[in-house]
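**Student:** Below you'll find the structure I mean.
The values are calculated or read from the model by the stated rules, or taken from the named source; none is laboratory data. Bear in mind the structure is a predicted one, so any value in this text is a computation, not a measurement. Using ideal geometry, Cβ is built from the backbone for each residue, glycine included, and neighbour counts are taken over all protein chains shown.
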Amino acid sequence: MKLPVYLDYNASTPADPAVVAYMLPFFSEYFGNASSKTHKYGWIAEQAVETAREQVASLINAEPAEIVFTSGATEAINLALQGVFRAYHSKGRHIIISTAEHKAVLDTCAYLEKQGAEISLLPVDRLGKAYPEELKKLVRSDTILVAVMHGNNETGTLQHLKPLSDIAHSVKAVFMSDTTQSCGKVTVDVNEFGIDLCCVSAHKIYGPKGTGALYVRRKNPRVALSPVMFGGGHEKGLRSGTLNVAGIAGLGKAAEIAASGLWEYGTEMSRLRTLLEQQICDNDFCFINGSVKDRLPNTTSITFPGIRAEQLIARLPDYAFSTGSACTSASDEPSHVLLAMGLSDAEARATIRLSLGKKNTTEEILAAAAAIRGAVSQLRSKA
Ligand SMILES: *Cc1c(COP(=O)(O)O)cnc(C)c1O
């Protein structure tokens, strides 16, 4: 067993060797600029980008022309939120987001608020679920955008998006969903879910870091966006800048592999997670956060009342996992997602996230569960 055991796949995943092999020729051999229209170097690069566009579109049941390549999900989210805010100014300035959103959404909306946007927060319940009845109370004729994430990065809770997107569309608002964690783990279908904007990040689906995509609906309705980046008019003017051909090719390959293995992935992750939860949690030793019914198959958020998650992590250097999300564990704040779900400050600080992935084995899961249980008991006996 290789130490430390990696149990933080929602923070990032290792690139699949098949993805790396597929990317390599695009660094030195086929290094052309995908915008060079006058020679073969450019054509080969462009072909690689267009193949990736089809592969990414296919993962979410979109059309290739609806995919805009970016540097990742954070950039895609910025383009979506800032782009809608500027393009829909004449309709209004009201934006609704759920309280369990990722920092990329929260921080961008905080910025837009300074630019004159009015932000309303859609609450979530104890399981992290957002409800159509609550959204109905918030939508208005000047609402331009509703954003509710699909799979939560900390708890794994999955939202039923269609009832929410229907309400957004009833006031002609754009419906956005941060699908960074759900793409490649469970089915994401932009048509079935009524999604107008959503995002993919390669490094969350066994592809390279620094590459992602934004889905932008082109019909029923066609979404208008103002660009954030200018210079050259790449990606239909929505994202200027020379395309990262190797990264985009890797994203496409990763999307293709994820799409073809969705069922096997779900089955194996659920098996490992069930084992992990059964081994760690019995009686009132701990409790699991999020919806047990609607959850990403690889994610578990566990609270051990009476301890501090950092102390637990400090005792377990052979296991790589986190308190909340990688994006917030740098700060001292308890998880805003758990607080939004109604956990107390102390409970939120007593919570760890374990997110499993394709390379985890039964042996690793059993060892991790035993180590975590042992360390929790030790911490409690000292208290
Ligand atoms: C990782 C993550 C992001 C940010 O993605 P990057 O590609 O790393 O910028 C956004 N939203 C969620 C839910 C994530 O898990």
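**Student:** State which residue is farthest from the chain's Cα centre (by Cα) when the search covers only the range 62-104 and only residues that are part of a helix (DSSP H, G or I) and of a type in the set (Lys, Arg).
**Tutor:** 86
**Student:** In the range 226-237, which residues are out of contact with any strand residue (DSSP E or B) (no Cβ under 6 Å at 6 or more places or on another chain) and away from the ligand (no atom under 16 Å from the Cβ)?
**Tutor:** Residues satisfying the conditions are 226, 227, 230, 231, 232, 233, 234, 236, 237.
**Student:** Can you work out which of the residues in the range 147-200 that are in a helix (DSSP H, G or I) and acidic (Asp, Glu) is farthest from residue 255 (Cα to Cα)?
**Tutor:** 166
**Student:** Same structure, new question: Anything in the range 285-319 that is of a type in the set (Val, Ile, Thr) and either under 23 Å from the mean Cα position of the chain (by Cα) or crowded, with 20+ Cβ neighbours inside 10 Å (or both)? List them, or say none.
**Tutor:** If the condition is that a residue be of a type in the set (Val, Ile, Thr) and either under 23 Å from the mean Cα position of the chain (by Cα) or crowded, with 20+ Cβ neighbours inside 10 Å (or both), then 288, 292, 299, 300, 302, 303, 307 are the ones that fit.
**Student:** Just checking, how many residues over the range 22-38 are closer than 19 Å to residue 232 by Cα and free of Cβ contacts under 8 Å to residues at least 12 places away in the same chain?
**Tutor:** Of the residues in that region, 3 qualify.
**Student:** Among the residues of the range 120-131, is there at least one that is in contact with a Gly (Cβ under 8 Å, 6 or more places away or on another chain), farther than 23 Å from residue 184 by Cβ, at pLDDT 95 or above and part of a strand (DSSP E or B)?
**Tutor:** No, the range 120-131 contains no residue that is in contact with a Gly (Cβ under 8 Å, 6 or more places away or on another chain), farther than 23 Å from residue 184 by Cβ, at pLDDT 95 or above and part of a strand (DSSP E or B).
**Student:** Separate question: Filter the range 139-153 down to the residues that are within 16 Å of the ligand (Cβ to nearest atom) and over 15 Å from residue 113 (Cβ atoms), then identify the one that is farthest from the chain's Cα centre (by Cα).
**Tutor:** 148
**Student:** I would also like to ask the following. Among the residues in the range 159-181, are any under 23 Å from residue 273 (Cα atoms), more than 10 Å from the ligand (Cβ to nearest atom) and surrounded by 24 or more Cβ atoms within 10 Å (Cβ to Cβ)?
**Tutor:** Yes, because at least one residue in the range 159-181 is under 23 Å from residue 273 (Cα atoms), more than 10 Å from the ligand (Cβ to nearest atom) and surrounded by 24 or more Cβ atoms within 10 Å (Cβ to Cβ).
**Student:** While we're here: Of all residues in the range 341-360, which are buried (at least 19 other Cβ atoms within 10 Å of the Cβ), of a type in the set (A, V, I, L, M) and outside any strand (DSSP E or B)?
**Tutor:** Within the range 341-360, 341, 343, 348, 350, 356 qualify.
**Student:** To continue, here is another question. Name the single residue that is nearest to the ligand (Cβ to nearest atom) among those in the range 204-221 being surrounded by fewer than 23 Cβ atoms within 10 Å (Cβ to Cβ) and under 22 Å from residue 150 (Cβ atoms).
**Tutor:** 209
Residue-wise test of (1) at pLDDT below 95; (2) more than 16 Å from the ligand (Cβ to nearest atom).
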residue	(1), (2)
287	no, yes
293	yes, yes
299	no, no
302	no, yes
315	no, yes
318	no, yes
325	yes, no
328	yes, no
336	no, no
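**Student:** Mind counting the residues in the range 102-125 that are over 15 Å from residue 336 (Cβ atoms), of a type in the set (D, E, K, R) and either free of Cβ contacts under 8 Å to residues at least 12 places away in the same chain or buried (at least 16 other Cβ atoms within 10 Å of the Cβ) (or both)?
**Tutor:** Summing the residues that are over 15 Å from residue 336 (Cβ atoms), of a type in the set (D, E, K, R) and either free of Cβ contacts under 8 Å to residues at least 12 places away in the same chain or buried (at least 16 other Cβ atoms within 10 Å of the Cβ) (or both) in the range 102-125 gives 2.
**Student:** Run down 74, 99 and say which single residue is polar (S, T, N, Q), within 16 Å of the ligand (Cβ to nearest atom) and surrounded by fewer than 20 Cβ atoms within 10 Å (Cβ to Cβ).
**Tutor:** After applying the criteria, what remains is 99.
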